[in-house]
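To start, the structure under review is shown below, and the notes come after it.
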Amino acid sequence: MTAAPTPDVLRAPLVVEFPFTRSLGPVQSAFLTGLRERVVLGVKTADGKVMVPPAEYDPVTAEEIRDLVEVGATGTVTTWAWNDDPRPQQPLTTPFAWVLVRLDGADTALLHALDAPGPDAVRTGMRVRIRWAEDRKGAITDIACFEPYEGEEAAASAGQPHDGVFEDAVTGIVAEARLDYTYSPGRAQTAYINGLAERRTVGERCPSCHKVYVPPRGACPTCGVATTDRVEVGPAGTVTTYCIVNIKARNLDIEVPYVYAHIALDGAGLALHGRIGGIPYDEVRMGLRVEPVWSEGGRHPDHYRPTGEPDADYDVYKELI
């Protein structure tokens, strides 16, 4: 059971997503291109077993395997689990069963979705067949799902060697990875975020070692005790170390080169990071005194700029690098 967050603690949706691009070797290329052509290929291992989906190396001997074999589009359910609440991007929008299907001619099982009216209609040992997607591009989604099947066994071509040669072979894929969270920063960081909305930077002091953590973590990782004493730090601070960024990030409207630095705010026991502006990138240096320039609306510092004060002495910040 998960405890409900305290009413004054912030909560917000958090989505982490990115496209993962990978190239395909000859085995995976043949497998995915075959799906586009409504052909399912496996690969034969050293002991004669047919693996579907195919792997490029034998799981027993670790030797490279290339002997492709065509298998059937029909098969047998070896095990299953009912999914009553499909999530976005899953194969079907209505409740369905996740099934492991051993296709005719294969010795291993393929995981996919089975379109069935309910869990009572699914059983281990039931016969199923592939329902092909109408628009096939050379991906596992070319199999739209499986469906119950009571017809004939697989065609005679199942189990026959295949050269894996297709026109316009698929050589790479882009897989969209996405994780959806409901994120709560907790008591300590809620106070920190609320402070930023008032253009204040609030940390917490450990009652044992007296280090002031910014952003606060709720507990001291060194002493293992709760940090409940809130301390306002800054707003000015000192650059302890930095890096020059020469690669432009996607969706970030900042011209390169620019500088990101670790900044020890006055009164803080460790440095936080921020972008340095208002000064040529090649003039940023350790010990530079800086102050925040707040974003429109004042929710967080957009960047830090020089205060015009003399540089801090190295001994002042050497423990915060």
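The values are calculated or read from the model by the stated rules, or taken from the named source; none is laboratory data. This one's a predicted model, so the numbers in the text were calculated from it and none came from an experiment. Neighbour counts are summed over all protein chains in view; Cβ atoms, including those assigned to glycine, are modelled from backbone coordinates with ideal geometry. In case anyone asks, the SASA skips ligands and DNA or RNA and just uses the protein heavy atoms, side chains included. Shrake-Rupley method; radii C 1.70, N 1.55, O 1.52, S 1.80 Å.
For G218, all conditions in the list (1) open to solvent by less than 70 Å² (accessible area, probe 1.4 Å); (2) touching an Asp or Glu at 6+ places or on another chain (Cβ under 7 Å) hold save one; what is the number of the exception?
Against the list (1) open to solvent by less than 70 Å² (accessible area, probe 1.4 Å); (2) touching an Asp or Glu at 6+ places or on another chain (Cβ under 7 Å), G218 comes up short only on (2).
Can you name the residue in segment 177-191 that is open to solvent by 40 Å² or more (accessible area, probe 1.4 Å) and not in a strand (DSSP E or B) and, of all such residues, is nearest to E291 (Cα to Cα)?
Taking segment 177-191 first, the residues open to solvent by 40 Å² or more (accessible area, probe 1.4 Å) are 178-184, 187, 189.
Still in the list and also not in a strand (DSSP E or B): 184, 187, 189.
Numbers: S184: 29, R187: 26, Q189: 21 Å.
The extreme case among them is Q189.
Only residues in segment 26-46 that are closer than 14 Å to I130 by Cβ count as the first member; pair them with residues that are open to solvent by 40 Å² or more (accessible area, probe 1.4 Å) and part of a helix (DSSP H, G or I), Cβ under 8 angstrom, at least 6 apart or cross-chain, and list the lot.
That search, which allows pairs on different chains as well, returns L35/I140.
Restricting to segment 203-214, count the residues that are open to solvent by 50 Å² or more (accessible area, probe 1.4 Å) and out of contact with any Lys or Arg (no Cβ under 9 Å at 6 or more places or on another chain).
Looking only at segment 203-214, we keep the residues that are open to solvent by 50 Å² or more (accessible area, probe 1.4 Å), and these are 205, 207-211.
Retained after the next criterion (residues that are out of contact with any Lys or Arg (no Cβ under 9 Å at 6 or more places or on another chain)): 207-210.
Within segment 203-214, residues that are open to solvent by 50 Å² or more (accessible area, probe 1.4 Å) and out of contact with any Lys or Arg (no Cβ under 9 Å at 6 or more places or on another chain) number 4.
Quickly run through segment 296-321 and pick out the residues that are more than 37 Å from the chain's Cα centre (by Cα) and not in a helix (DSSP H, G or I).
Of the residues in segment 296-321, the ones more than 37 Å from the chain's Cα centre (by Cα) are 307-316.
Passing the criteria: T307, G308, E309, P310, D311, A312, D313.
Checking D253 against (1) at pLDDT below 95; (2) in contact with a His (Cβ under 6 Å, 6 or more places away or on another chain); (3) not basic (K, R), which test does it fail?
(2)
Tell me, please, whether a residue that is without any contact (Cβ under 8 Å) to a residue 40 or more places away in the chain, of a type outside the set (G, A, S) and crowded, with 17+ Cβ neighbours inside 10 Å can be found in segment 192-202.
Yes, because at least one residue in segment 192-202 is without any contact (Cβ under 8 Å) to a residue 40 or more places away in the chain, of a type outside the set (G, A, S) and crowded, with 17+ Cβ neighbours inside 10 Å.
Open to solvent by less than 50 Å² (accessible area, probe 1.4 Å), aromatic (F, W, Y) and farther than 30 Å from T171 by Cα - does that describe any residue in segment 111-134? Steps first, answer last, please.
We begin by selecting, within segment 111-134, every residue open to solvent by less than 50 Å² (accessible area, probe 1.4 Å); these are 112-116, 118, 121-122, 125-126, 128, 130, 132-133.
In the following step, the residues that additionally are aromatic (F, W, Y) were identified as 132.
Narrowing further to those that are farther than 30 Å from T171 by Cα: none.
Checked against the condition, which is being open to solvent by less than 50 Å² (accessible area, probe 1.4 Å), aromatic (F, W, Y) and farther than 30 Å from T171 by Cα, segment 111-134 yields no hits at all.
With respect to the numbered conditions (1) closer than 26 Å to T45 by Cβ; (2) part of a strand (DSSP E or B), which one is the sole condition not fulfilled by G159?
Here G159 clears every test but (2).
Just checking, how many residues over segment 110-132 are part of a loop (DSSP other than H, G, I, E, B) and free of Cβ contacts under 8 Å to residues at least 40 places away in the same chain? Step through it out loud before you land on a result.
Step one: of segment 110-132, the residues part of a loop (DSSP other than H, G, I, E, B) are 115-118, 122-126.
Then drop every residue that is not free of Cβ contacts under 8 Å to residues at least 40 places away in the same chain, which leaves 115-118.
Going through segment 110-132 one residue at a time, the tally reaches 4.
In segment 296-321, how many residues are over 19 Å from I254 (Cβ atoms) and open to solvent by 30 Å² or more (accessible area, probe 1.4 Å)? Spell out the reasoning first.
Step one: filter segment 296-321 for residues over 19 Å from I254 (Cβ atoms), giving 298, 307-321.
This time we only want the ones that are open to solvent by 30 Å² or more (accessible area, probe 1.4 Å), so: 307-311, 313-316, 318-321.
Residues that pass the stated criteria total 13.
Do we have A154 as of a type in the set (G, A, S), assigned to a loop (DSSP other than H, G, I, E, B), at pLDDT 90 or above and under 30 Å from T74 (Cβ atoms) here?
On the way: of a type in the set (G, A, S): yes; assigned to a loop (DSSP other than H, G, I, E, B): yes; at pLDDT 90 or above: no; under 30 Å from T74 (Cβ atoms): yes.
No, not satisfied.
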